[in-house]
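Here is the structure we will look at, set down as structure tokens.
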Amino acid sequence: MKVLLLSLILSASAAAFDEQAFGARLNGWTRDGSARYSLDGQRYRTTKPVVTQSQDGGETVRITVLHQANSWAEVPLDLEVAFAPDGRAQSFRITGKPRGKKVDTGLVSRPDAPAAVESQPAPSFEPVAEMKQQLFEAFESQVAQAAAEKDTRKRDLLARIYGPEPIDVAALSAGLRYNLDLLLRLPVVGK
């Protein structure tokens, strides 16, 4: 009984992800469960988030960002952000298979503040900025490598005629950064 009561209290006090506010910032959800928008002349589509609760009361939000490279090809990548119960970002991860090549940044977790040195003032420390830098360094190097390799997937005749989908590392990174920034700016809402 006490365990049930404690879990109800924890779930009631945990932050809740606001799917509607996120969709509104992306130009609104369409019937197919995605939002369509443009950034710097590039077209993107983001799917509705999948939110899972963690045992500590936090949430993990997973979205798929699709860069529409041209009229027939989309490059999908999954962005995952884990939030603590108080709404702070705890970890990031990007996964996907552009041209059939695995891209996985691994889990980029919140770093600890650097130790202060007695003779110097404490340096400014922004853990989210550090996490974003690590995430996109790993992502951009892996996607550039995938773009340089030959596409070995089995595809239909039309895809063979037109060739593999074009991979624009800068456009993919820009779309993912935009979505990550939107996720991080959403206010924490109590359940």
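Here are the numbers for this structure:
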{"item": "Selected residue [open to solvent by 40 Å² or more (accessible area, probe 1.4 Å), over 16 Å from VAL81 (Cβ atoms), modelled with pLDDT under 90 and not polar (S, T, N, Q)] from GLU126, GLU165", "result": "GLU126"}
{"item": "Top-ranked residue in the stretch 61-77 [being within 19 Å of THR30 (Cα to Cα) and open to solvent by 10 Å² or more (accessible area, probe 1.4 Å); ranked as farthest from the chain's Cα centre (by Cα)]", "result": "SER71"}
{"item": "Cross-chain or 6+ apart pairs with Cβ under 7 Å, the stretch 86-101 first and among the hydroxyl-bearing types (Ser, Thr, Tyr), then surrounded by fewer than 19 Cβ atoms within 10 Å (Cβ to Cβ) and modelled with pLDDT of 90 or more", "result": "SER91/LEU107; SER91/SER109; THR95/ASP78; THR95/ASP104"}
{"item": "Candidate set from the stretch 168-191 (those that are modelled with pLDDT of 90 or more and among the small types (Gly, Ala, Ser)); member that is most open to solvent (accessible area, probe 1.4 Å)", "result": "ALA170"}
{"item": "The stretch 16-32: number of residues that are open to solvent by less than 30 Å² (accessible area, probe 1.4 Å) and basic (Lys, Arg)", "result": "0"}
{"item": "Total residues in the stretch 83-112, condition assigned to a loop (DSSP other than H, G, I, E, B) and either open to solvent by 70 Å² or more (accessible area, probe 1.4 Å) or among the charged types (D, E, K, R) (or both)", "result": "8"}
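The values are calculated or read from the model by the stated rules, or taken from the named source; none is laboratory data. Here the structure is a predicted model, which means the values were calculated and not measured. Backbone-built Cβ (ideal geometry, glycine too); neighbour counts: all protein chains shown. Accessible surface is based on the protein model in full, side chains and every heavy atom, while ligands, DNA and RNA are left aside. Shrake-Rupley method; radii C 1.70, N 1.55, O 1.52, S 1.80 Å.
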